[in-house]
Amino acid sequence: MNAAWAFPFIFVAGMLQAAGAAMGGELNKSLHNPWLATSLSFLLVLFVTAALFVCMPKPLPTVGDFATMPWWAPLGGIVGAVAVFAGFTFIQTLGAGPVNGVTITANILASLAIDHFGLLRMEQHAMNPMRFAGAVLMIAGVALISKF
């Protein structure tokens, strides 16, 4: 993908994620079971992903790719499921703004730590006063959204 499209694509994905959380909250409300709602949602994701894989099956990994893959790399989906479950469970009572705001702010804070320490094989990007100020502003913004 052309780098010029990366930020607009991510922006649209973020907007869709906010809508998806509200949709998931309604799914949970309709099914009366956050585990079932999360499972149904992930089954649909699995179906779409499998269909796209059938349409575009290449490139495929080699045995060497699997051998050098860190043990924790496939766990990203499970980690994402925790956020989905939390959103499905709490969005109806807390609202989309606070739930998505806390989720995104927590994501930013964890991302800053991952960048600063080079965790999970990420390239290091040191914490600096501007990054710190951005984190503080995220926390303040979520506090305001949640309170009002």
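Rule-based calculations on the coordinates, nothing more; no lab input. This is a predicted model, so every value here is computed, not measured. Glycine also receives a Cβ, built like all others from the backbone with ideal geometry; neighbour counts cover every protein chain displayed.
With the helix formula -39500 (n - 2.57) applied to DSSP H stretches of n ≥ 4, the chain reaches a computed 222 nm mean residue ellipticity of -26500 deg cm²/dmol. Under a model in which nothing but the beta-carbon of Lys, Arg (+1) and Asp, Glu (-1) is charged, the chain shows a dipole of about 140 debye around its Cα centre.
If a paramagnetic tag sat 7 Å from the Cα of F148 along the Cα-Cβ line, which residues of the range 81-98 would have the backbone N under 17 Å from that point? So the set is 97-98. Multiplying the residue separation of F132 and A50 by 0.36 nm and subtracting their alpha-carbon distance yields 25.5 nm. The relative contact order of the chain comes to 25 percent, based on Cα pairs under 8 Å that sit 6 or more residues apart.
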